[in-house]
Amino acid sequence: MMDELNSLLEPGMLVRHPDAPDWGLGQVQSNINGKITVNFEHQGKVTINGSNVILRIEIGDRT
């Protein structure tokens, strides 16, 4: 199920990591074979295994 939800993520979409709220808002850079690269405002670029974490999609900029 995690892979299915994360498969909706496309470059440019805004997300948050549910287990790391201090990372802030992130922008999806790529989503290739379940490996999602996100640039977070307070953590920088992170590659996430989409089968382990469901990123929360943000609508608009809620910083």
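Quick look at the values:
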quantity	calculated
Condition met for SER30 (of a type outside the set (A, V, I, L, M, F, W, C) and modelled with pLDDT under 95)	no
Extreme residue, nearest to ASN49 (Cα to Cα), among residues of segment 8-33 that are open to solvent by 80 Å² or more (accessible area, probe 1.4 Å) and part of a loop (DSSP other than H, G, I, E, B)	ASN33
Failed criterion for ASP3 (all others in (1) outside any strand (DSSP E or B); (2) open to solvent by 70 Å² or more (accessible area, probe 1.4 Å); (3) modelled with pLDDT of 95 or more hold)	(3)
Residue check for GLY60: modelled with pLDDT under 95 and surrounded by fewer than 11 Cβ atoms within 10 Å (Cβ to Cβ)	yes
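The values are calculated or read from the model by the stated rules, or taken from the named source; none is laboratory data. Please read all numbers here as calculations on a predicted model, not as lab measurements. A quick note on method: Cβ atoms are made from the backbone with ideal geometry, for glycine too, and the neighbour counts reach across all protein chains shown. Just so you know, the surface numbers come from the protein's heavy atoms only, side chains and all, with ligands and any DNA or RNA stripped out. Shrake-Rupley method; radii C 1.70, N 1.55, O 1.52, S 1.80 Å.
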